[in-house]
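First up is the structure itself, then whatever we jot down about it.
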């Protein structure tokens, strides 16, 4: 399933299938031909909420208009600014018709407390899609939404949350740039895309205990996991498309970062779908 990062929210909205976009306190994702959703964490501010609202169903230009089941994960909310809460409420009230047209089912996951209060607020809106349900686990919510392999997607959502919460802004921005062209990725082009010099990028990466080559390898292995789900794609083809110098190079880095060989990964990923 392995979601790929989008460089910007506009890029995500233009081509959402199989991708995610990360904001300051949330990420929003779209499984290819499947569920769309968002996970929030920490203390969303009004500015963060404004970005998230743009990724939610809307009738406006450049908005999320795919007719899909919708997933909202509030397990990691610590609080929310009043302005952010008002913004969410205003958006939903103004876009009721869009929700009715676009959202087929709505699942909200919470851990009680504020998350439960917000989830109850969504479920009380009778004008939302006919089926709105609250859950305590992502697996049960995704299963109710009709996701194939709900356990695996739940694991990916939690892993993505952990990675984004702990990652620095420079690493997240670099990953989004690299994902656009992993075959020809190189540090000069990445630095230009980020609007900084190569030395500045290298210095920022050193400050968070990583390097360009390390992050490039992580992005390539992450993309390889997604491509391995296609059983008809040869390993050599995957290696060439992602910029590995050889199939052996792919195998070496894949084992280092994923703890298994590409063939073992393919068997595991296909078996989980």
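The values are calculated or read from the model by the stated rules, or taken from the named source; none is laboratory data. No experiment lies behind these values; they were computed from the predicted model shown. Note that each Cβ is placed from the backbone with ideal geometry, even for glycine, and that neighbours are counted across all protein chains shown.
Quick rundown of the values:
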quantity: Selection status of residue 47, surrounded by fewer than 20 Cβ atoms within 10 Å (Cβ to Cβ), assigned by TED's automatic domain parsing to the domain that holds residue 82, out of contact with any strand residue (DSSP E or B) (no Cβ under 8 Å at 6 or more places or on another chain) and within 22 Å of residue 167 (Cβ to Cβ); calculated: yes
quantity: Residues that are in contact (Cβ under 8 Å) with a residue 40 or more places away in the chain and within 24 Å of the chain's Cα centre (by Cα), drawn from region 238-260; calculated: 241, 242, 243, 257
quantity: Condition met for residue 140 (at pLDDT 95 or above and not assigned by TED's automatic domain parsing to the domain that holds residue 242); calculated: yes
quantity: Residue count, region 83-103 (criterion: at pLDDT 85 or above and assigned to a loop (DSSP other than H, G, I, E, B)); calculated: 0
quantity: Residue pairs meeting the criteria (Cβ under 7 Å; at least 6 apart or on separate chains; first in contact (Cβ under 8 Å) with a residue 40 or more places away in the chain and not assigned by TED's automatic domain parsing to the domain that holds residue 224, in region 151-179; second buried (at least 19 other Cβ atoms within 10 Å of the Cβ) and assigned to a helix (DSSP H, G or I)); calculated: 153/142; 157/138
quantity: Residue within region 104-113 that is part of a helix (DSSP H, G or I) and at pLDDT below 80 present; calculated: yes
quantity: Set 69, 44: member being under 15 Å from residue 157 (Cβ atoms) and more than 15 Å from the chain's Cα centre (by Cα); calculated: 69
quantity: Options 58, 6: the member that is touching a residue at least 40 places away in the same chain (Cβ under 8 Å) and in contact with a strand residue (DSSP E or B) (Cβ under 6 Å, 6 or more places away or on another chain); calculated: 6
quantity: Filter pass, residue 187 being outside the structural domain of residue 99 (by TED's automatic domain parsing), touching a helix residue (DSSP H, G or I) at 6+ places or on another chain (Cβ under 8 Å) and under 30 Å from residue 89 (Cα atoms); calculated: no
